[in-house]
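Report on the structure given below.
The values are calculated or read from the model by the stated rules, or taken from the named source; none is laboratory data. Model, not experiment: these values are computed from the prediction. FYI the Cβ positions are ideal-geometry reconstructions off the backbone, even for glycines, and counts take in every protein chain you see.
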Amino acid sequence: MRFLHGDPGYDLTYSDVFMVPSRSAVSSRLDVDLTSTDGLATPIPLVAANMTAVSGRRMAETMARRGGLAIFPQDIPSDVVAKSISKVKRAHPIFDAAVTVALDTTVGETLSLIGKRAHGVAVVIDEDRRVLGLVSPQDAAGSDRFAQARDVMTTDVTRVSVSSSPAEVFDVLSEQHQKVAVAVDDGGALVGLMTPKGALRSAIYSPALDHEGRLRAGVAVGINGDIPSKVRAALDAGADVLVMDTAHGHQDKMIGALEAARVERDRFAGETGRTVLIVAGNVVTAEGVNDLINAGADILKVGVGPGAMCTTRMQTGVGRPQFSAVLECAAAAKERGKSIWADGGVRHPRDVALALAAGAGSVMIGSWFAGTHESTGDQLTDSQGRAYKESFGMASARAVRNRTREYSAFDRARAAMFEEGISSSRMYLDPRRPGVEDLLDWITSGVRSSCTYAGARSLEEFAERAVVGVQSGSGYEEGRPLDQSW
Ligand SMILES: NC(=O)C1=CN([C@@H]2O[C@H](COP(=O)(O)OP(=O)(O)OC[C@H]3O[C@@H](n4cnc5c(N)ncnc54)[C@H](OP(=O)(O)O)[C@@H]3O)[C@@H](O)[C@H]2O)C=CC1
Ligand SMILES: Nc1nc2c(ncn2[C@@H]2O[C@H](COP(=O)(O)O)[C@@H](O)[C@H]2O)c(=O)[nH]1
């Protein structure tokens, strides 16, 4: 990447910069390869953040099916992480996992479960997972919440074989004017489902798969406690990437934890032949990058204070505008043959493109993804009927209380006094893009387009060719669309 008018000599946020187009020989946006350049080589360079309000089993599965990753947060007990990863690994890499209910599940419970996925239906199954019917909110409209799924379900179900291709499923759905097909195995048991949009997506995205062809997922580990056993538990659970995670990554405690994690990771590799990359952070300087690489990091997580749930900068004055942090850290990591994740502060597709232009190998997103069907929280409705989910920072008093639940009451209360995050915020589901896949479509189509404007066929070429200028506040404002006249 180069600056249009030279390096301005001060630090920049994503909003401070823009890219100018260059002559391009790339004739289609579909010719752009979005494979991440961070060493993990996921088909798209996007990671759902290790935040309790964001990444759980559904997020992990959906992100991996579309080529990205999600990281389970450090606050989830290791046995729960193990169960969740095993579910992700058992999920079908092409067909979406379905919300399932039994014949006697109440309509109220069924409706609350439907909101956990983007398909808008629940599949009614028997004890052998054979499909009995489907329930959608339209089927349930007007019925008593204590009525049962059997009372409202439709039995007009489109079944396809699990060996059907997405194009075949799309054609069947078009012919039958149906919105969803259920995929069944040879014994008639439910495997998953697919919507017409899901079929199209399967033709555009490739899943992020592990060495056995199963969906990939990562696990975050904090820097306190027994690091070797926490790392071993994550590896035994099937983690495909480890994230050593703390607010101030450039500290001795992190360096010690990272060294211990690397020893354990290498031991595991010796036993299994499987080397799992270690991400560590957060840092915002070249010195931080180099110290953590020396301690064993393969990928650096970059960003102090840009997060939407973050109060660090206002409370401490510490942090760094994210575009410049990414630019400096990516260059420092590249010199050592390593890469970085740009973590936090992404609010628009353009921010992802700019992070990649600055050299990030992948981009981590938290709060934006919290406002989707697939995030962990329950879907709530405000007084105007708008759907939202609750989000909170991982350094908020709420998260700290949760993380320190084993401490004495006194130590717990004291730890919560050092909060650096918001304990409760509302992330509204965008009615046009309520699912995380809708956001992935929006982001990846934007990034593909950015690459063609720069004349780049891959993200490596994009980071080399991008030309970035610095803009005024009114320059930024000019680029914002208007939804009504001025
Ligand atoms: N990217 C960002 O800007 C930030 C991210 N976060 C996220 O919040 C979560 C919790 O992180 P964290 O608060 O580090 O908690 P952790 O539970 O990971 O522990 C942090 C450890 O580092 C010590 N420490 C020393 N200096 C600091 C400091 N300035 N800030 C925080 N800890 C410090 C703490 O000791 P003691 O408590 O005794 O001081 C504690 O032992 C993580 O997921 C992290 O990524 C949090 C803040 C900023
Ligand atoms: N200072 C704080 N930073 C936090 C907290 N919780 C999470 N985070 C960081 O934000 C990113 C995600 O950023 P977003 O803009 O996409 O939401 C996350 O990965 C952490 O690094 C917090 O409580 N305080």
For residues that are among the acidic types (Asp, Glu) and over 25 Å from residue 420 (Cα atoms), scanning just segment 372-407, find the one that is nearest to ligand 2 (Cβ to nearest atom). 374
Anything in segment 356-369 that is within 14 Å of ligand 1 (Cβ to nearest atom) and of a type in the set (Gly, Ala, Ser)? List them, or say none. 366, 367
So, first residue farther than 20 Å from residue 339 by Cα and in the same structural domain as residue 20 (by TED's automatic domain parsing) in segment 436-462, second residue surrounded by fewer than 16 Cβ atoms within 10 Å (Cβ to Cβ) and hydrophobic (A, V, I, L, M, F, W, C), Cβ within less than 8 Å, six or more apart or across chains; the pairs are 448/30; 455/25
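For residue 159, state whether it is part of a strand (DSSP E or B), on the phi < 0 side of the Ramachandran plot, charged (D, E, K, R) and in the same structural domain as residue 109 (by TED's automatic domain parsing).
yes
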May I ask you to verify whether residue 313 is among the basic types (Lys, Arg), surrounded by 16 or more Cβ atoms within 10 Å (Cβ to Cβ) and away from ligand 1 (no atom under 16 Å from the Cβ)? no
Which pairs turn up if I take residues in segment 248-259 that are in contact (Cβ under 8 Å) with a residue 24 or more places away in the chain and look for partners that are surrounded by 16 or more Cβ atoms within 10 Å (Cβ to Cβ) and assigned to a helix (DSSP H, G or I) with beta carbon separation below 6 Å, at least 6 apart in sequence or on another chain? 250/288; 255/295; 257/227; 258/295; 259/295
Just give me the residues in segment 306-332 being farther than 25 Å from residue 398 by Cα, in contact with a Gly (Cβ under 8 Å, 6 or more places away or on another chain) and of a type in the set (A, V, I, L, M), in sequence order. 325, 326, 327, 330, 331
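Looking at the structure I just gave you, is residue 179 within 28 Å of residue 389 (Cβ to Cβ) and in contact with a strand residue (DSSP E or B) (Cβ under 8 Å, 6 or more places away or on another chain)?
So residue 179 fails the test.
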Name the strands (runs of 3 or more DSSP E) wholly inside segment 162-229 in which the number of residues that are within 16 Å of ligand 1 (Cβ to nearest atom) and within 30 Å of residue 403 (Cβ to Cβ) is 3 or more. 218-221
How many of the residues in segment 292-334 are within 23 Å of residue 252 (Cα to Cα), in a loop (DSSP other than H, G, I, E, B) and away from ligand 2 (no atom under 12 Å from the Cβ)? 5
Residue check for residue 416: modelled with pLDDT under 95, surrounded by fewer than 16 Cβ atoms within 10 Å (Cβ to Cβ) and of a type in the set (A, V, I, L, M, F, W, C): no
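Criterion first (more than 14 Å from ligand 1 (Cβ to nearest atom), closer than 22 Å to residue 391 by Cα and within 18 Å of the chain's Cα centre (by Cα)) does residue 343 satisfy it?
Numbers: more than 14 Å from ligand 1 (Cβ to nearest atom): no; closer than 22 Å to residue 391 by Cα: yes; within 18 Å of the chain's Cα centre (by Cα): yes.
So residue 343 fails the test.
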Turns out the helices (runs of 4 or more DSSP H) fully within segment 43-144 with at least 3 residues that are touching a residue at least 24 places away in the same chain (Cβ under 8 Å), more than 16 Å from ligand 2 (Cβ to nearest atom) and within 30 Å of residue 167 (Cβ to Cβ) are 57-65, 78-90
Does residue 102 satisfy being among the aliphatic types (A, V, I, L, M), modelled with pLDDT under 95 and at negative phi? no
Within segment 268-286, track down each residue that is surrounded by fewer than 24 Cβ atoms within 10 Å (Cβ to Cβ), within 16 Å of ligand 1 (Cβ to nearest atom) and not in a loop (DSSP other than H, G, I, E, B). 278
